[in-house]
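K.L.:
I have a structure here, written as structure tokens, and I will follow up with some questions on it.
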Amino acid sequence: MVDGDPDEALVARCLGGELDAFESIVHRYQRVLFNAAYRLLGDREDARDVAQAALVKAYEKLASFDPHYRFFSWIYRIAVNEALNPRDRRRPSAPIAADLPDGRGRGLDAAIESRERSDSVQAALLRLGPEDREVIVLRHFAEMSYAEIGGALGLAEKTVKSRLHEARQRLGRLLGPESAR
């Protein structure tokens with residue numbers, strides 16, 4: 001199995017009966033799907049469930065993938081739909097409990113301040129609507145380009161920029177004076 005194969009080649013191999021080709025897809029996308037779900041939901045267990053469910057659904061629906069589009073856009077959309085599915089998920093109400101920074105080269109006060117800022121940002125992010133949260137997560141946590149976000153969400157690049165600008169404005173208002181730091 002070659003993990004460097006393009007997504008389309010892995011999909012073709014899987015559809016051709018090489019079921020272990022899907023293992024490469026899992027290795028390639030499991031972490032990014034988990035991270036996106038984690039930022040959308042704010043809960044590690046829910047994020048693991050979403051990433052796993054998205055990969056299972058992708059496997060089951062692999063024959064419906066259109067190779068004219070990016071595979072990541074397709075599988076990401078499955079994950080977002082899983083994350084935002086109201087019958088299976090509750091809207092998050094608490095910030096993510098992140099690990100404390102190790103404090104290398106910084107005092108305890110700086111580490112605590114960093115943790116508090118991170119918790120405040122996450123709490124504000126979770127208060128945003130799904131569309132706002134989605135573009136912020138893709139741009140700032142998945143580090144996708146505007147074009148990649150547009151492909152994943154089925155939006156024009158100009159629309160992505162506009163939506164991201166508005167989402168950042170709303171996030172800034174939720175953070176209040178903290179956002180000026």
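The values are calculated or read from the model by the stated rules, or taken from the named source; none is laboratory data. As the structure is a computational prediction, the values presented were derived from the model and not from experiment. Ligands, DNA and RNA are excluded from the accessible area calculation, which covers all protein heavy atoms including side chains. Shrake-Rupley method; radii C 1.70, N 1.55, O 1.52, S 1.80 Å.
K.L.:
Can you sort 69, 59 by solvent-accessible area, 1.4 Å probe, largest first?
P.N.:
Largest to smallest exposure gives the sequence 69, 59.
K.L.:
Can you tell me how much longer the chain between residue 141 and residue 60 gets when fully stretched, taken as 0.36 nm per residue apart minus their C-alpha distance, in nm with one decimal?
P.N.:
26.4 nm
K.L.:
Follow-up question, since we're still on this one. Karplus couplings for segment 6-13 from phi (6.51 cos²θ - 1.76 cosθ + 1.60, θ = phi - 60°), rounded to Hz, Gly and Pro as x?
P.N.:
x, 3, 4, 5, 5, 4, 4, 5
K.L.:
Something else now. Going from most exposed to least, what order do 125, 153 have by accessible area with a 1.4 Å probe?
P.N.:
153, 125
K.L.:
Give me a comma-separated list of calculated 3J(HN,Hα) values for segment 46-61, in order, Karplus coefficients 6.51, -1.76, 1.60 applied at θ = phi - 60°, integers in Hz, x for any Gly or Pro.
P.N.:
Along segment 46-61, the couplings run 4, 5, 4, 4, 5, 4, 5, 4, 5, 5, 5, 4, 4, 4, 5, 9 Hz.
K.L.:
Continuing with this model, one more query. Can you send over the solvent-accessible area of residue 26, 1.4 Å probe, protein chains only, in Å² to the nearest 10?
P.N.:
It works out to around 40 Å².
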